[in-house]
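The values are calculated or read from the model by the stated rules, or taken from the named source; none is laboratory data. Just so you know, these numbers come straight off a predicted model, no measurement behind them. Here the Cβ is made from the backbone with ideal geometry for all residues, glycine too, and neighbour counts use every protein chain on show. Note: accessible area is taken over every heavy atom of the protein model, side chains too, but ligands, DNA and RNA are not part of it. Shrake-Rupley method; radii C 1.70, N 1.55, O 1.52, S 1.80 Å.
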Amino acid sequence: MRHTISVLVENKFGVLARISGLFSGRGFNIESLSVAPTLDLTTSRMTIITRGDDAIIEQVIKQLNKLIDVIKVIDFSEEDFIERGIVLVKVNAEPSNRAEILRMTEIFRGKVVDVSAKTYTIEVTGAEAKVSAFVEMIKPLGIIEIARSGKIAMSRGKKTLG
Amino acid sequence: MEYTGAEIFVKSLLKQGADLIFGYPGGVVLPIYDELFKTPKLRHILVRHEQGAVHMADGFARASGKPGVALVTSGPGATNTVTGIATAYMDSIPIVVFTGQVPTALIGNDAFQEADIIGITRPCVKHSYLVRDVKDLASTIAEAFYIATTGRPGPVVVDLPKDVLLAKTKFEYPETVELRSYRPNTSANKRQIEKLAAALEEAKRPVLYVGGGMILTNAAAELKKLAHTIQAPVTMTLMGLGSFPSLDDLSLGMLGMHGTYRANMAVTHTDLIVALGARFDDRVTGKLDEFAPNAKVAHVDVDPTAISKNVPTHIPVVGDLKDAMKKLNAVIAESKVDWKAKHKPWLEQIDEWKHANKLEYVKKTNVIKPQFVVEEIDRVTGGDAIFTTEVGQNQMWAAQYLTLKRPRTFLTSGGLGTMGYGFPAAIGAQAAFPDKVVIDIAGDGSIQMNIQELGTAVQQRLPVIVAILNNGFLGMVRQWQQLFHGNRYAYTCMESQPDFVKLAEAYGALGIRATKPEEVGPALEQAIAARRPTIIDFVVDREENVYPMVPAGSPLNKMLLA
């Protein structure tokens, strides 16, 4: 099963290496990872998407907690949460398909963020399913380049990570 | 007043109560060595190879219960420590390894003797630090010792760039360490303890399965009290040996691949296995699906990751083992169960197993059996000694035939299985207890992996005894080749051996050889009386095997008995 895990860590030298090394060393899978400082610059927030059965996810969470620089770990998968990722897609913009590209962008509430004579670059944000659906729809129109971010996540309502 | 980083290093160690360093100097750590020169109360033992320094710090820690300290230079000095660090990591041993590093401005430039030791050791440390500012040095050292010794202990690496050792700042050593991201849960939950006690009250065939955690937390007295009160049999892992007297009627000895018949049968038939500071290692469980198939599992461990990692656990208890044992004993004291009557049939069954297949070997008069050497070591020392082992047959015979009475008297590389561990570990233990008899039970293969430390033992006048069970083979590998690879002894025979007696003499140590059974006891007595580093070359039966043996991947009750 797919799990979205947020990890609050000390914003210290080598923390990312400790976490990614934990996943590779113990054979856990990382589907996506994102990391950036929080409001308190001494901490960073990581969001990790991983897959595994209950026993594996239990180990992932325990092993993350065991790292000295990890302050808190939350597995969102058992609660209502918001997940967002971003994709930038550069597509061939021929006179024949420009209207279709713009229509798709509008349907997915994306934005054209760069235009050249032959290309459009589109930005779409959303949960994994939405971003993937957009990419699938735009693919037949001719993707030249794609850049997808890792996911970030947050609980709905009052609950916070740290 | 301001001090250099090197001065702060020395002051911090003294504040920490560390008065012994195992080390090897080099370019970038020269500022520290200059301070050590001026600080005789901080004793330094010069090793011959950095791996030896870390194993010595480890042996010191296992024998004394205090954290061990190693100090090495950058680059090759640092990379040579890796096996020692991994050994300590696998066995949860508190050590702090200080490595020199090239100046911060050169880090990442492939400078002379530069190695990314933080990166290299990341998977085998509890934690590590690269100190980039002298202002952080004292607090980092305090944190390193705190992390190494609390919770589940383990090795911590502190990397010290040369410019940090030369820079100056004020010296303030923190009195206490508080880390928001590291608060090991040491207090065992009362309700879980009550559940465990209730399970013990219900069980008909309980087994206490004890690991290294019992020794790390100094809880042997609590274990004895529990076992005797509830009249439950105790089996120990390799790492747990010494935590319960092996001659106690309730002792089953070691379990697992080379465990006793009765221990493996008891674990196979138990209805409640209580893991106390043990981690269900594959060498212990055999085939996992058939391990303790009828048992409820209770598991007490300070490390939550150890619980339910290999075996699903019905009653998890997270906490310091000593705390948990005290609480459990308190709850048990209130119990109205007649334990003796309840466990009588179970203990009778165990007694039957005990007599059905004892640990034994065929004694001979013309050739020394390796098991006989271990029995003689046990007899001559009366068990009043610290034993270390190398890895392989020597280790298993030592585990089987020594009658250990006390914790911290059997030091062995259990998790990593490091050949070359025993001799430097013995030196470390001897440094902690100069007056005790310390014996490394070795093989002729293993001893050659760190034989250079003979120079250290002689220089420091540490009277460690090395008892080589010399069969001219890498014996355990040869045994597997015999049993599972059609007798094809591929590269397990060391056809060229040094003359170990002459080798000892070349180093200025005492060398003794024994080739007949009647020479074994006198050789040991001579070595113990000599009070100087000694190698005894016991020429033993070449193709003796370790039995019982559970072949890898088999269930524990499918033992080869001979």
Worksheet item: Quick check: anything in segment A:64-76 in contact with a strand residue (DSSP E or B) (Cβ under 7 Å, 6 or more places away or on another chain) and open to solvent by 70 Å² or more (accessible area, probe 1.4 Å)?
Response: yes
Fill in: Search result, residues across segment B:253-291 that are among the aliphatic types (A, V, I, L, M) and open to solvent by 10 Å² or more (accessible area, probe 1.4 Å)
B:Met254, B:Met257, B:Met265, B:Val284, B:Leu288
Worksheet item: Out of curiosity, is B:Glu360 modelled with pLDDT under 95, open to solvent by 40 Å² or more (accessible area, probe 1.4 Å) and of a type in the set (Asp, Glu)?
Response: yes
Worksheet entry | Odd one out for B:Ser496, checked against (1) open to solvent by less than 80 Å² (accessible area, probe 1.4 Å); (2) out of contact with any His (no Cβ under 8 Å at 6 or more places or on another chain); (3) not basic (Lys, Arg) | (1)
Worksheet item: Within segment B:303-353, can you find the residues that are hydroxyl-bearing (Ser, Thr, Tyr) and closer than 18 Å to B:Val210 by Cα?
Response: B:Thr305, B:Ser308, B:Thr313
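Conditions (1) in contact with a strand residue (DSSP E or B) (Cβ under 9 Å, 6 or more places away or on another chain); (2) modelled with pLDDT of 95 or more, marked per residue:
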| site | (1), (2) |
| --- | --- |
| B:Pro245 | yes, yes |
| B:Asn264 | yes, yes |
| B:Thr268 | no, yes |
| B:Ile273 | yes, yes |
| B:Asp282 | no, no |
| B:Asp301 | yes, yes |
Discussion item. Please determine whether any residue of segment A:84-104 is touching a residue at least 60 places away in the same chain (Cβ under 8 Å), under 21 Å from the mean Cα position of the chain (by Cα) and within 14 Å of chain B (Cβ to nearest Cβ).
Written reply: no
Worksheet item: From the list A:Ile48, A:Ile57, which residue is open to solvent by less than 60 Å² (accessible area, probe 1.4 Å), farther than 30 Å from A:Leu141 by Cβ, within 14 Å of chain B (Cβ to nearest Cβ) and not in a loop (DSSP other than H, G, I, E, B)?
Response: A:Ile57
Worksheet item: Restricting attention to segment B:159-176, and to residues there that are more than 13 Å from chain A (Cβ to nearest Cβ) and in a strand (DSSP E or B), which single residue is surrounded by the fewest Cβ atoms within 10 Å (Cβ to Cβ)?
Response: B:Lys170
Practice prompt. Please find, within segment A:20-39, the residue that is surrounded by the most Cβ atoms within 10 Å (Cβ to Cβ) out of those that are more than 11 Å from chain B (Cβ to nearest Cβ) and assigned to a loop (DSSP other than H, G, I, E, B).
Written response: A:Phe28
Worksheet item: Based on what the data block shows, is B:Leu524 closer than 18 Å to B:Met449 by Cα and touching an Asp or Glu at 6+ places or on another chain (Cβ under 9 Å)?
Response: no
Fill in: Tally, over segment B:223-249, of residues that are closer than 16 Å to B:Ala324 by Cβ and either over 23 Å from the mean Cα position of the chain (by Cα) or basic (Lys, Arg) (or both)
7
Item to complete: Test each condition in (1) away from every other protein chain (no Cβ under 14 Å); (2) closer than 26 Å to B:Ile147 by Cα for A:Ile68 and report the one that comes out false.
Response: (1)
Worksheet entry | Candidates B:Ala144, B:Ala167, filtered to the one that is closer than 18 Å to B:Phe9 by Cβ, among the small types (Gly, Ala, Ser) and touching a helix residue (DSSP H, G or I) at 6+ places or on another chain (Cβ under 6 Å) | B:Ala167
